[in-house]
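Visitor: Here it is: the structure, laid out below.
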Amino acid sequence: MSYLIVGLGNPGNKYRDTRHNIGFMSVDNFLDANGLPWKEKFNGEYSTFTYKGEKGYLLKPMTYMNLSGDSVQKAAQFFKVEKENILVIHDELDLPYGCVELKKGGGLAGHNGLKSIAEIMATRDFLRLRLGIGRPVHGDVSNFVLSNFSNEEQIKLRDYIDGTKSVLEQVVESGFGKIASKYKKKQLIE
């Protein structure tokens with residue numbers, strides 16, 4: 001079973017280290033660890049990989065968050081990946097920093113990347129790896145997700161991203177259904 005693993009984020013240096021780009025950070029780390037190159041196509045960057053005999057695809061839509069669905073649809077059609085094998089990695093305000101959750105379908109919680117994918121793919125039933133970034137104590141949510149991680153968060157960010165790589169490897173190797181229950185609001189870092 002081949003997965004299309006989609007990391008959500010926004011292109012460009014301005015957004016590179018922001019909370020909203022943790023999906024990009026995750027797929028970049030998976031790619032780097034396996035020594036793979038990015039190629040350009042599907043209004044994004046993609047790569048193919050084989051992990052322990054299982055083939056899959058990585059995608060970073062370069063359309064900006066609110067148009068991600070276009071890139072996802074093009075890649076899924078080209079690689080003939082069924083909707084139920086699309087795994088979207090995204091930032092999640094409703095989980096504390098360092099906490100992850102594997103989930104199938106569900107609401108969109110105001111996340112423009114998820115909205116775009118759900119609209120264009122005509123389903124909310126794609127797989128998700130929700131990466132907790134916490135919620136701002138004060139101020140605007142938009143400013144929060146588009147800001148860089150705090151100094152304290154940055155200290156633990158590498159361990160957090162490495163932890164997500166492990167989750168992705170387990171999904172590819174064992175299948176989403178077999179490991180989803182293991183990652184229900186699970187804290188990856190202390």
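Residue-wise test of (1) closer than 17 Å to Leu87 by Cβ; (2) among the polar types (S, T, N, Q).
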| site | (1), (2) |
| --- | --- |
| Ile155 | no, no |
| Thr164 | yes, yes |
| Val167 | yes, no |
| Gly175 | yes, no |
| Ile189 | no, no |
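Visitor: Checking the conditions here, which among Lys182, Lys156 is modelled with pLDDT of 95 or more and surrounded by 14 or more Cβ atoms within 10 Å (Cβ to Cβ)? I'd like the intermediate steps shown before the answer.
Guide: Values: Lys182 fails: surrounded by 14 or more Cβ atoms within 10 Å (Cβ to Cβ).
Checking each option against the conditions leaves just Lys156.
Visitor: Would a scan of the range 109-120 turn up a residue that is assigned to a strand (DSSP E or B) and among the small types (Gly, Ala, Ser)?
Guide: Residues of the range 109-120 that are assigned to a strand (DSSP E or B), as a first pass: none.
Checked against the condition, which is being assigned to a strand (DSSP E or B) and among the small types (Gly, Ala, Ser), the range 109-120 yields no hits at all.
Visitor: Right, next: Tell me which residues, restricted to the range 2-13, are buried (at least 20 other Cβ atoms within 10 Å of the Cβ) and over 25 Å from Gly175 (Cβ atoms). Don't jump to the end; show me each part of the working.
Guide: So the first thing to find is which residues in the range 2-13 are buried (at least 20 other Cβ atoms within 10 Å of the Cβ), and the list is 3-10.
Of everything in the range 2-13, those that are buried (at least 20 other Cβ atoms within 10 Å of the Cβ) and over 25 Å from Gly175 (Cβ atoms) turn out to be Gly9, Asn10.
Visitor: Select from the range 31-43 the residues that are at pLDDT 95 or above and not basic (Lys, Arg) and write down the one among them that is surrounded by the fewest Cβ atoms within 10 Å (Cβ to Cβ). Lay out the reasoning, then the answer.
Guide: Going through the range 31-43, the residues at pLDDT 95 or above turn out to be 38-43.
Add one more test, that the residue is not basic (Lys, Arg), and what stays is 38, 40, 42-43.
Numbers: Trp38: 14, Glu40: 9, Phe42: 23, Asn43: 17.
Applying the filter and picking the extreme gives Glu40.
Visitor: Which of the residues belonging to the range 132-159 are assigned to a helix (DSSP H, G or I), touching a residue at least 60 places away in the same chain (Cβ under 8 Å) and either of a type in the set (Val, Ile, Thr) or under 18 Å from Val6 (Cα atoms) (or both)?
Guide: Correct list: Val145 only.
Visitor: Taking the range 93-103 as the search range and keeping residues that are in contact with a helix residue (DSSP H, G or I) (Cβ under 7 Å, 6 or more places away or on another chain) and surrounded by fewer than 20 Cβ atoms within 10 Å (Cβ to Cβ), which one is farthest from Glu152 (Cα to Cα)? Before the answer, list the steps.
Guide: So the first thing to find is which residues in the range 93-103 are in contact with a helix residue (DSSP H, G or I) (Cβ under 7 Å, 6 or more places away or on another chain), and the list is 93, 97-98, 100-102.
Pick out the ones that are also surrounded by fewer than 20 Cβ atoms within 10 Å (Cβ to Cβ) and you get 93, 101.
Working: Leu93: 17, Glu101: 22 Å.
Applying the filter and picking the extreme gives Glu101.
Visitor: For the range 72-92, give me each residue that is over 14 Å from the mean Cα position of the chain (by Cα) and not basic (Lys, Arg).
Guide: So the first thing to find is which residues in the range 72-92 are over 14 Å from the mean Cα position of the chain (by Cα), and the list is 73-84.
Within the range 72-92, Gln73, Ala75, Ala76, Gln77, Phe78, Phe79, Val81, Glu82, Glu84 meet the criteria.
Visitor: With the checklist (1) of a type outside the set (D, E, K, R); (2) farther than 28 Å from Lys186 by Cα; (3) touching a strand residue (DSSP E or B) at 6+ places or on another chain (Cβ under 6 Å) in hand, flag the one item Leu67 doesn't pass.
Guide: Here Leu67 meets the rest and fails (3).
Residue by residue, here is whether (1) assigned to a helix (DSSP H, G or I); (2) without any contact (Cβ under 8 Å) to a residue 12 or more places away in the chain; (3) surrounded by 22 or more Cβ atoms within 10 Å (Cβ to Cβ) holds:
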position: Tyr15; (1), (2), (3): no, no, no
position: Phe24; (1), (2), (3): yes, no, yes
position: Glu45; (1), (2), (3): no, no, yes
position: Asn66; (1), (2), (3): yes, no, no
position: Glu84; (1), (2), (3): yes, no, no
position: Ile89; (1), (2), (3): no, no, yes
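The values are calculated or read from the model by the stated rules, or taken from the named source; none is laboratory data. Just so we're clear, the structure is a prediction, and the values are computed from it rather than from any experiment. Glycine also receives a Cβ, built like all others from the backbone with ideal geometry; neighbour counts cover every protein chain displayed.
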